[in-house]
Protein chains: 4
Amino acid sequence: MPPPGRSEKFIQRLRTVCLLAGGGVDEQGQPSEEVSMGQRVDINADLGEGYGAYTFGMDEEMMPVITSANVACGAHAGDPVIMRDTVRRALQSDTAVGAHLGYPDLWGFGRRHVDLSAEQLYSFLVYQLGALQALAGSLGASLQHVKPHGALYNEAAGSADLSAVVCDAICDFDDNLVLFAPAGSTTVRVARDRRLRVAEEGFADRAYTAQGTLVPRDQPGAVIQDPGEVASRAVMLARGEIPTAEGGTLKLNIDTICLHGDTPGAVRIARRVRHELEESGIKVQTASSFLRSQHSG
Amino acid sequence: MPPPGRSEKFIQRLRTVCLLAGGGVDEQGQPSEEVSMGQRVDINADLGEGYGAYTFGMDEEMMPVITSANVACGAHAGDPVIMRDTVRRALQSDTAVGAHLGYPDLWGFGRRHVDLSAEQLYSFLVYQLGALQALAGSLGASLQHVKPHGALYNEAAGSADLSAVVCDAICDFDDNLVLFAPAGSTTVRVARDRRLRVAEEGFADRAYTAQGTLVPRDQPGAVIQDPGEVASRAVMLARGEIPTAEGGTLKLNIDTICLHGDTPGAVRIARRVRHELEESGIKVQTASSFLRSQHSG
Amino acid sequence: MPPPGRSEKFIQRLRTVCLLAGGGVDEQGQPSEEVSMGQRVDINADLGEGYGAYTFGMDEEMMPVITSANVACGAHAGDPVIMRDTVRRALQSDTAVGAHLGYPDLWGFGRRHVDLSAEQLYSFLVYQLGALQALAGSLGASLQHVKPHGALYNEAAGSADLSAVVCDAICDFDDNLVLFAPAGSTTVRVARDRRLRVAEEGFADRAYTAQGTLVPRDQPGAVIQDPGEVASRAVMLARGEIPTAEGGTLKLNIDTICLHGDTPGAVRIARRVRHELEESGIKVQTASSFLRSQHSG
Amino acid sequence: MPPPGRSEKFIQRLRTVCLLAGGGVDEQGQPSEEVSMGQRVDINADLGEGYGAYTFGMDEEMMPVITSANVACGAHAGDPVIMRDTVRRALQSDTAVGAHLGYPDLWGFGRRHVDLSAEQLYSFLVYQLGALQALAGSLGASLQHVKPHGALYNEAAGSADLSAVVCDAICDFDDNLVLFAPAGSTTVRVARDRRLRVAEEGFADRAYTAQGTLVPRDQPGAVIQDPGEVASRAVMLARGEIPTAEGGTLKLNIDTICLHGDTPGAVRIARRVRHELEESGIKVQTASSFLRSQHSG
């Protein structure tokens, strides 16, 4: 777990790796992120999505398999007790914790658009971030990352305005947090402009179009359920190339792979994915362990 | 605005004041809190209690008159936008900001008992603290104090168990925060046991019993509405003695005087109180400016 | 603009009645819509929009001035106690009661779009209707009408799909209720197709475009605040013609005039409007008293 | 325990009927309560307790096994879509539908006390009743019964004041509804005083004290999990006698047996109970089919 404060030795080794891998070296003599591509990957899942007496997903089984847990913050799901319990469970598994930020929509589980103004959304996101950070802090933990949830995630992916609100909230709260966003999305671009660290995210159980978007769920072949196939697609994602629904090949820069924890067979798939990644020589690590801070550049 | 890191000069001056005032000096050579009694007092009010389109109270007018603003955190009142706006307004008036923590009861404005378990309450209070701290932080501000609201305030005042939950939440979040609690209450005692700084609170517009509790609102003479009378009672409170409903005199150690911002004439009363206090030679200051940290002892 | 689904016989008789002037009577001895145009009008206002400790608008003063009260049903505003109190107050003033149906958005006061599915919206509207009807029933009252609120009102006005959901909910709940909708809007058309009674609504304090839509609030002259001007525009609306922002004249069939109860001067304006209408010989009556049921046609 | 308000004639006829055995008929051709005791029983369960994306309990499997479904009304659980779906499912199984009324406490699933005033509780219960009735009505169904939920159920069982609020809400909404309440409880007495029909309720999977109360869950033997034992206790309850935890025998007048739908093995237990009851010659019927209205007496 080297960063922050990378040693000289580490930086030299990176330069060598860059040349060998045909990777870039930027103006500051810093290795580009692409170098790590295909060698390290984070696995994230949405956890802590119960509410009061309601449970949701197989948190207990999923936690040790993943490296980053997206914890619901009471907007689309989660309550203060569940939030704290989820952080405690993450600590026990050495899993990094992030804020899973949603619209104010418990009834719709954050999957519905709610037409907040920029000011309302900004304030509400900061509110959620602070609430989770405080609960994590009460257990001696702190946040690694942020991931927008549901409708907010999808809408921000294609909207520079919405992404700007999300990024502003994160920057003003703690600009060392990593933002998880769809690989190649507008959110990634906006976050990089603000020098936020970004983990580009891929979905191993979803088919991709040639444009790099997910095939909508209602189309045939959109969701892959065979554990073996999901696992081998996870390896392809980690290596940066995935076949598209159209039959071509899509290049993606994937830092984290999202797994679902609430579907039948979810745990079995997750374990298979992790096993296959490690068998393929890909290191499964928390995103913050290998994502270079743009601020240190 | 001397503390933290009190200068030698400041400490020496305090020793002199102690001797002159017949006040105590503790083992650590620190002036006891009693010394400042009758000389300095904080004025607090509950602000930011609107919700969405709903307004509540005369925040704009009250803010410059008081020294500590209790900001609702979305439980009994307040929403993320109002919370942030209230902190911004406080910054403009050099008013200290505190978290006004309530039960999850927007409908009842936090005035109803909600039977939370200790774990639920603890987590929910930490949640509120974090949310407000984050919004304050986004404006470069930080919290000075915490005040329980409504039913929680009243119930904690007489319950060591409930006070313990409140104090634990504060200690685990930030043990440098000042707790505002009814003068002489169980909450004060429990907080002092945990070495939390406490501002003992008095109500200038309410009659007191010989036991030091407030005369219930439904009894005649319970609420004082005449601005002059409220102001002179504020001076008495700040000096540590108030006549009781029974006709005797009650000694109280008052660090902060609570004023209401939502009643007719509230602003006029508040201005009168502040004026009278200052005319009487009592310095009106934020609680944290004169409350010695027990941790530094 | 003759509404669909009227028999030849009915239309002929109306013609005769028109010649005889202001006293038309249909088969059931009910005055017909067309005849009453320009002679009778309903006045409605949104009331009961507080929540818990929050008040909103001048319900007490507005109630006796209007003939139809739109009562919030707990979605965008209102709670069970306020709903019941508002119905009680309406009964005391002989004001008709209607359900003011909103999106699930207390924070946004129903002014924000919430992206409900048709099934969710339908069920939620029926839920609100039943809740208010039950509270009205507990006082011996029943509902006269339904008016969508805020974002739902505006969105439905231009959407046949959304209007269909609103109308279906009303029809399935009680197809004798009158729907209040913007004069000439899609909602009016969809409701008439379902043979719902519709009160076409006009705004006396808002400027109209030549297309019959309201001039957006952020444009100059959009909102009229002078009581005299609002009152004379109310008379024009009741008579079916209003000057447009562009300088022309717009013909509208207005059954009910919406007044605001939450702005400065609202009560004074409302009283002036009512007075002016009555002085001009226009009878101010509840919508259901002069809107013929299409079912009985 | 002869209920009040029965004529001499009625009681005499019942005596005759008793001699003839299990087929009593009252003036209206309805079987009387007394006759059916030990021969007919209703089975109820709490269903529709999900919320949005959250599921709770095995509604689909439980519905055909029971005769009365208690449907959550959006207070402690349930949303408008789930409420309607649950009613639809009940219609398909010929199961009677009732309103399961709770405190406003989604987070606590209605298991926490919320300190509502009588007026607040009354209005909130009427609100819930109307909402469910409207959704049922949209499917052509109507309500058979009402059952308080969780903390409200338990608190009302021992409080005449709280029971009075519940009964007043029901009477004012629809005094033909049957109230489900713990056998022998204060709620039963208060409801009978108001001439409400009451189904006295027993729990086949819970141990009883000699006083007729349930043994608290945290005591050994409080909850019975063996399907065979639960089933034979159900038969005993239906026949009016159950062994107590102390070793004696408790006489109870049971009209309805409550089964849980959310525990492991719930469905298997439910089926076993129903089978055993029917094998024992006890008719399993909806409560309203054998509970004589006191109003018709």
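Please give the number of the condition B:ALA134 fails out of (1) under 30 Å from A:CYS167 (Cβ atoms); (2) in contact with an Asp or Glu (Cβ under 8 Å, 6 or more places away or on another chain); (3) in a helix (DSSP H, G or I); (4) not hydroxyl-bearing (Ser, Thr, Tyr).
(2)
What do you reckon, is C:LEU143 within 14 Å of chain D (Cβ to nearest Cβ), modelled with pLDDT of 95 or more, open to solvent by 10 Å² or more (accessible area, probe 1.4 Å) and under 17 Å from the mean Cα position of the chain (by Cα)?
Spelling it out, C:LEU143 is indeed within 14 Å of chain D (Cβ to nearest Cβ), modelled with pLDDT of 95 or more, open to solvent by 10 Å² or more (accessible area, probe 1.4 Å) and under 17 Å from the mean Cα position of the chain (by Cα).
Any residue at all in region C:172-179 that is aromatic (Phe, Trp, Tyr) and open to solvent by less than 30 Å² (accessible area, probe 1.4 Å)?
No, every residue in region C:172-179 fails to be aromatic (Phe, Trp, Tyr) and open to solvent by less than 30 Å² (accessible area, probe 1.4 Å).
Name the one entry in D:GLY184, D:GLY261 that is open to solvent by 10 Å² or more (accessible area, probe 1.4 Å) and not in a strand (DSSP E or B).
Numbers: D:GLY261 fails: open to solvent by 10 Å² or more (accessible area, probe 1.4 Å).
Matching residue, one of D:GLY184, D:GLY261: D:GLY184.
D:ARG274: crowded, with 19+ Cβ neighbours inside 10 Å and out of contact with any Gly (no Cβ under 9 Å at 6 or more places or on another chain), yes or no?
Considered against the rule, which asks whether it is crowded, with 19+ Cβ neighbours inside 10 Å and out of contact with any Gly (no Cβ under 9 Å at 6 or more places or on another chain), D:ARG274 comes out as yes.
Please pick out the residue among A:ARG272, A:ARG292 that is part of a helix (DSSP H, G or I) and over 14 Å from the mean Cα position of the chain (by Cα).
Result of the check over A:ARG272, A:ARG292: A:ARG272.
So which residues in region D:96-132 are within 23 Å of D:ASN44 (Cα to Cα), surrounded by fewer than 24 Cβ atoms within 10 Å (Cβ to Cβ) and either without any contact (Cβ under 8 Å) to a residue 40 or more places away in the chain or facing chain C (nearest Cβ under 9 Å) (or both)?
Selection gives D:ARG112 alone.
Within region D:154-164, can you find the residues that are assigned to a helix (DSSP H, G or I) and either of a type in the set (S, T, N, Q) or surrounded by fewer than 23 Cβ atoms within 10 Å (Cβ to Cβ) (or both)?
D:ASN154, D:GLU155, D:ALA157, D:ALA160, D:ASP161, D:LEU162, D:SER163, D:ALA164
Run D:GLY247 past the list (1) outside any strand (DSSP E or B); (2) in contact (Cβ under 8 Å) with a residue 40 or more places away in the chain and report the number of the one that doesn't hold.
(2)
May I ask you to verify whether A:GLN211 is free of Cβ contacts under 8 Å to residues at least 24 places away in the same chain and either away from chain B (no Cβ under 13 Å) or in contact with a Lys or Arg (Cβ under 8 Å, 6 or more places away or on another chain) (or both)?
Here the answer is yes, as A:GLN211 does meet what is asked.
Identify all residues within region B:62-76 that are in contact (Cβ under 8 Å) with a residue 40 or more places away in the chain and either of a type in the set (A, V, I, L, M) or more than 12 Å from chain A (Cβ to nearest Cβ) (or both); write none if there are none. Walk me through how you get there before you give the answer.
Let us first name the residues in region B:62-76 that are in contact (Cβ under 8 Å) with a residue 40 or more places away in the chain, namely B:62, B:65-68, B:70-76.
Answer for region B:62-76, where residues must be in contact (Cβ under 8 Å) with a residue 40 or more places away in the chain and either of a type in the set (A, V, I, L, M) or more than 12 Å from chain A (Cβ to nearest Cβ) (or both): B:MET62, B:VAL65, B:ILE66, B:THR67, B:SER68, B:ASN70, B:VAL71, B:ALA72, B:ALA75, B:HIS76.
Filter region C:44-94 for residues that are acidic (Asp, Glu), surrounded by 22 or more Cβ atoms within 10 Å (Cβ to Cβ) and outside any strand (DSSP E or B) and give the result.
Answer for region C:44-94, where residues must be acidic (Asp, Glu), surrounded by 22 or more Cβ atoms within 10 Å (Cβ to Cβ) and outside any strand (DSSP E or B): C:GLU49, C:ASP59, C:ASP79.
Of all residues in region A:70-85, which are more than 20 Å from A:VAL114 (Cβ to Cβ) and not hydrophobic (A, V, I, L, M, F, W, C)?
First, the residues of region A:70-85 that are more than 20 Å from A:VAL114 (Cβ to Cβ): A:71, A:80-85.
Listed by number, the residues that qualify are A:PRO80, A:ARG84, A:ASP85.
Identify the residue in region B:187-218 that is farther than 18 Å from B:ASN44 by Cα and among the acidic types (Asp, Glu) and, among all such residues, is surrounded by the most Cβ atoms within 10 Å (Cβ to Cβ).
Among those residues, the one meeting the criterion is B:ASP193.
Can you name the condition, by its number, that D:GLU279 falls short on among (1) exposed (fewer than 13 other Cβ atoms within 10 Å of the Cβ); (2) under 23 Å from D:ASN154 (Cβ atoms)?
The failed condition is (2).
Are any residues in region A:51-61 closer than 27 Å to A:PHE124 by Cβ and without any contact (Cβ under 8 Å) to a residue 40 or more places away in the chain, and if so, which ones?
Just the residues of region A:51-61 that are closer than 27 Å to A:PHE124 by Cβ, to begin with: A:51-57, A:59.
Residues satisfying the conditions are A:GLY52, A:ALA53, A:TYR54, A:THR55.
The values are calculated or read from the model by the stated rules, or taken from the named source; none is laboratory data. Keep in mind that what you see is a predicted model, and the values were worked out from it rather than measured. Quick reminder, even Gly has a Cβ in these numbers, built from the backbone with ideal geometry, and neighbours come from all protein chains shown. For accessibility, only protein heavy atoms count, side chains too; no ligands or nucleic acids. Shrake-Rupley method; radii C 1.70, N 1.55, O 1.52, S 1.80 Å.
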